[in-house]
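Following: one structure in structure tokens, then a few remarks.
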Amino acid sequence: TAKESGRNTYRFFSSSMKDKLFSRFQIENDLRKALKSDTQFELYYQPINTTINGTLEGVEALVRWNHPERGVVSPLAFIDIAEETGLIVPLGQWVIRESCRQLRWWQGMGYTSLTMSVNISSRQFRHGSFVEDIQSILVEEGVSPKHFQLEITENGLMENTEEMINTLKRLREIGFRIAIDDFGTGYSSLSYLKKFPVTSLKIDKSFVFGLPNDLGDEAIVSSTIQLAHRLGLYVIAEGVESQDALVNLKQHDCTYVQGYYFSKPLPADQFTNEILSRRTKNED
Ligand code: C2E
Ligand code: MG
Ligand code: MG
Ligand code: MG
């Protein structure tokens, strides 16, 4: 894995380049070029379904980098560097605009009730004009914030919490849904759950993989679902890979599910053909 190969090197997943290492410096350089050329990034989409009857509720947009020499690069290999260098701000704006255009396209096809989930890094979120920027992109692209869910990790929320709460409040007033991503893996205390004006919790996949056999994971997942319900929050389990895990989540009344059991993240056209076309338009 990347970690085993050294602190400042990253291993890529495209088979042709399997053994080549990409230095941090190269990643930063190539990221700058990619942001200028504007043709190397692509969003993949993964369905989020209701647990009860499997109806499509929305999609999560997940960025991919089609590197000219290295093939498809996972966000795990470059998001951290984009954060550290500040390049996450222009990259994040590209992601928001592209997800708006795709949602608009799907709405035009008649799929008008989809929610688009977009990951927002904490540095991007704390950027001074984040709220104004996202608002103007949505206005320019003609989509409403009520169709968007912004996903932010627990640790991201814990930096400068007062400022975070203010930003979250403003976003909620505009109509965005806000999810805490990778819930359970960070170091926030439960008291913050009460203070953050969020709408949803996403249970981290590391707890979902063990369902239904790992009793520890099951205890954590079922009590997180209950906690979310008691706080009036939606709850989404990510990393659902098996029918057994799904059945278990159903028993615990999880609201939404996402994972390879339903589909891997797919390029937009493939998502349209393989996922959306199986669904009735305007389904609720
Ligand atoms: P995340 O937001 O927690 O997204 C879920 C990750 O889990 C995705 O990995 C997805 O492909 C993967 N996943 C979903 N279901 C399953 C499953 O059943 N089994 C397994 N093994 N994995 C599953 P991906 O696409 O590699 O993204 C990794 C992370 O990179 C994301 O985690 C998110 O933190 C970050 N990321 C992705 N796109 C963006 C973006 O546009 N902006 C920012 N800031 N971060 C992004
Ligand atoms: Mg996410
Ligand atoms: Mg997650
Ligand atoms: Mg994650």
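The values are calculated or read from the model by the stated rules, or taken from the named source; none is laboratory data. On a predicted model such as this, the values are computed, not experimentally measured, just so you know. When we count neighbours, we look across all protein chains shown, and the Cβ atoms used for this are built from the backbone with ideal geometry, even at glycine. Accessible surface is based on the protein model in full, side chains and every heavy atom, while ligands, DNA and RNA are left aside. Shrake-Rupley method; radii C 1.70, N 1.55, O 1.52, S 1.80 Å.
Show the residue pairs that are 6+ apart or on different chains and have beta-carbon atoms under 7 Å apart, the first residue being within the stretch 178-191 and under 18 Å from A219 (Cβ atoms), the second being within 14 Å of ligand 3 (Cβ to nearest atom) and assigned to a loop (DSSP other than H, G, I, E, B).
F183/D204; G184/D204; T185/D204
Within the stretch 111-143, track down each residue that is closer than 30 Å to R279 by Cα, open to solvent by less than 20 Å² (accessible area, probe 1.4 Å) and of a type outside the set (F, W, Y).
Listed by number, the residues that qualify are L114, T115, M116, S117, V118, I120, I134, I137, L138, V143.
Of the residues that make up the stretch 146-162, is at least one surrounded by fewer than 15 Cβ atoms within 10 Å (Cβ to Cβ) and small (G, A, S)?
No, there is no match, as no residue in the stretch 146-162 is surrounded by fewer than 15 Cβ atoms within 10 Å (Cβ to Cβ) and small (G, A, S).
Hey, Q46 hits all of (1) more than 17 Å from the chain's Cα centre (by Cα); (2) of a type in the set (S, T, N, Q); (3) within 16 Å of ligand 4 (Cβ to nearest atom) but one; which does it fall short on?
(1)
Output the number of residues of the stretch 169-185 satisfying the condition of being crowded, with 21+ Cβ neighbours inside 10 Å and assigned to a helix (DSSP H, G or I).
Number of matching residues: 1.
Among the residues of the stretch 42-60, are any farther than 30 Å from L246 by Cβ and out of contact with any helix residue (DSSP H, G or I) (no Cβ under 6 Å at 6 or more places or on another chain)? Quick ask: steps written out before the conclusion?
Initial filter on the stretch 42-60 (farther than 30 Å from L246 by Cβ): none.
For the stretch 42-60, residues farther than 30 Å from L246 by Cβ and out of contact with any helix residue (DSSP H, G or I) (no Cβ under 6 Å at 6 or more places or on another chain): absent.
Taking the condition of being away from ligand 1 (no atom under 15 Å from the Cβ) and farther than 19 Å from M116 by Cα, how many residues in the stretch 171-196 meet it?
Total satisfying the criteria: 10.
Which count do you get for residues in the stretch 250-265 that are open to solvent by less than 20 Å² (accessible area, probe 1.4 Å) and either out of contact with any Leu (no Cβ under 7 Å at 6 or more places or on another chain) or on the phi > 0 side of the Ramachandran plot (or both)?
Within the stretch 250-265, the subset open to solvent by less than 20 Å² (accessible area, probe 1.4 Å) is 254, 257-259, 263.
Checking the rest, the ones that are also either out of contact with any Leu (no Cβ under 7 Å at 6 or more places or on another chain) or on the phi > 0 side of the Ramachandran plot (or both) come to 254, 258-259, 263.
Selection size over the stretch 250-265: 4.
If you take just the strands (runs of 3 or more DSSP E) that sit entirely in the stretch 21-122, which of them hold at least 3 residues that are over 18 Å from I134 (Cβ atoms) and polar (S, T, N, Q)?
Details: elements: 21-23, 41-50, 56-67, 71-73, 115-119.
Correct list: 41-50.
Looking only at the stretch 74-84, decide whether some residue is open to solvent by less than 30 Å² (accessible area, probe 1.4 Å), under 22 Å from F25 (Cβ atoms), touching a Phe, Trp or Tyr at 6+ places or on another chain (Cβ under 7 Å) and among the β-branched types (V, I, T).
For the stretch 74-84, residues open to solvent by less than 30 Å² (accessible area, probe 1.4 Å), under 22 Å from F25 (Cβ atoms), touching a Phe, Trp or Tyr at 6+ places or on another chain (Cβ under 7 Å) and among the β-branched types (V, I, T): absent.
Name the pairs whose Cβ atoms lie under 6 Å apart, with the first residue in the stretch 234-247 and under 16 Å from E218 (Cβ atoms), the second small (G, A, S) and within 16 Å of ligand 4 (Cβ to nearest atom), and 6 or more positions between them or separate chains?
G239/G259; V240/G259; E241/G259
So which residues in the stretch 229-253 are more than 12 Å from ligand 1 (Cβ to nearest atom) and either over 20 Å from N53 (Cβ atoms) or of a type in the set (S, T, Y) (or both), if there are any at all?
Within the stretch 229-253, R230, L231, G232, L233, Y234 qualify.
Being at pLDDT 95 or above and surrounded by fewer than 20 Cβ atoms within 10 Å (Cβ to Cβ) narrows it down to one of V235, V198, V221, V247, so name that one. Reasoning before the result, please.
Numbers: V235 fails: surrounded by fewer than 20 Cβ atoms within 10 Å (Cβ to Cβ); V198 fails: surrounded by fewer than 20 Cβ atoms within 10 Å (Cβ to Cβ); V221 fails: surrounded by fewer than 20 Cβ atoms within 10 Å (Cβ to Cβ).
Criteria check complete, one pass: V247.
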